[in-house]
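K.L.:
Structure below; questions to follow.
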C-alpha cells in the first residue's frame with residue numbers, strides 16, 4: 001500500500017494519545033483508570049509499554065529497509081498483544097463489580113490493530129521494477 005507507512009505512524013501517535021484518555025471507571029473506589037494513571041488499583045501504568053512500542057514502531061515505519069519492516073511486524077504484534085492484555089486486565093469484573101468501560105479502551109484496540117495491519121503492508125521498492 002502506498003500510504004501504509006504514514007497511516008501506521010498516525011495510528012502510533014494516536015495510540016500514545018489514547019494512553020492518556022480514560023479507559024475505565026471503577027465506581028467502588030471512585031477511580032478513573034487511564035494508561036498512565038491507575039492509583040488505587042494494582043494495575044500500575046498499563047499504557048507505558050504501549051507507548052514504548054509505539055515509539056519504536058514510529059522509528060521502524062520511517063526506515064525504508066526490509067529489516068526494519070520485519071522488525072516492525074514483530075514490535076506491532078507485541079504491541080497488539082499488550083493492548084489486548086490491557087483490555088482484559090482493565091475491563092475484567094473483580095469482586096462482583098464490573099468497571100465502566102470508556103472509549104479509550106476500545107480506541108486502544110483499534111489503534112493497535114491499525115498499526116499491526118499497516119506493518120503487514122509495507123511499501124518496499126523492488127529493484128528492477130517501476
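Every read-out reported here was derived from the displayed coordinates using simple, explicitly stated rules and does not represent laboratory data. Since we're looking at a predicted model, the values are computed, not measured. Here the Cβ is made from the backbone with ideal geometry for all residues, glycine too, and neighbour counts use every protein chain on show.
K.L.:
(1) 32; (2) 43; (3) 39: which one is percent of Cα pairs over 22 Å apart as calculated from this entry?
P.N.:
(3)
K.L.:
As a test of the formula, what do you get for the chain when each DSSP H run with n ≥ 4 contributes -39,500 (n - 2.57) and the sum is divided by the residue count, at 222 nm and rounded to the nearest 500 deg cm²/dmol? Mind dumping the intermediate values first?
P.N.:
Values: 4 runs with 74 residues, N = 130.
Roughly -19500 deg cm²/dmol at 222 nm, from the helical runs in the chain.
K.L.:
Additional query: Taking only Cα atoms, what is the 0 to 90° angle, nearest 10, from helix 48-62's long axis to the longest principal axis of the chain?
P.N.:
Compared with the principal axis, the helix lies near 10 degrees.
K.L.:
Using only Cα atoms, tell me the angle between helix 66-91 and the longest principal axis of the chain; keep it within 0 to 90° and round to the nearest 10.
P.N.:
Approximately 10 degrees, to the nearest 10.
K.L.:
Cut-off is 10 Å between beta-carbons; in what order do 119, 91 appear when sorted fewest neighbours first? Write out the running numbers ahead of the final one.
P.N.:
Details: 119 26, 91 17.
If I rank by nearby Cβ atoms, fewest first, I get 91, 119.
K.L.:
Can you tell which of 24, 52, 111 shows the greatest fluctuation in a Gaussian network model of the chain with Cα springs below 10 Å?
P.N.:
52
K.L.:
Taking Cα atoms, how many degrees apart are the long axis of helix 103-120 and the longest axis of the chain, rounded to 10 and kept between 0 and 90?
P.N.:
With both axes taken from Cα atoms, the answer is about 20 degrees.
K.L.:
How big is the gap, in Å, between the Cα center of the stretch 85-113 and the Cα center of the stretch 12-79?
P.N.:
Cα centroid of the stretch 85-113 versus Cα centroid of the stretch 12-79: 13 Å apart.
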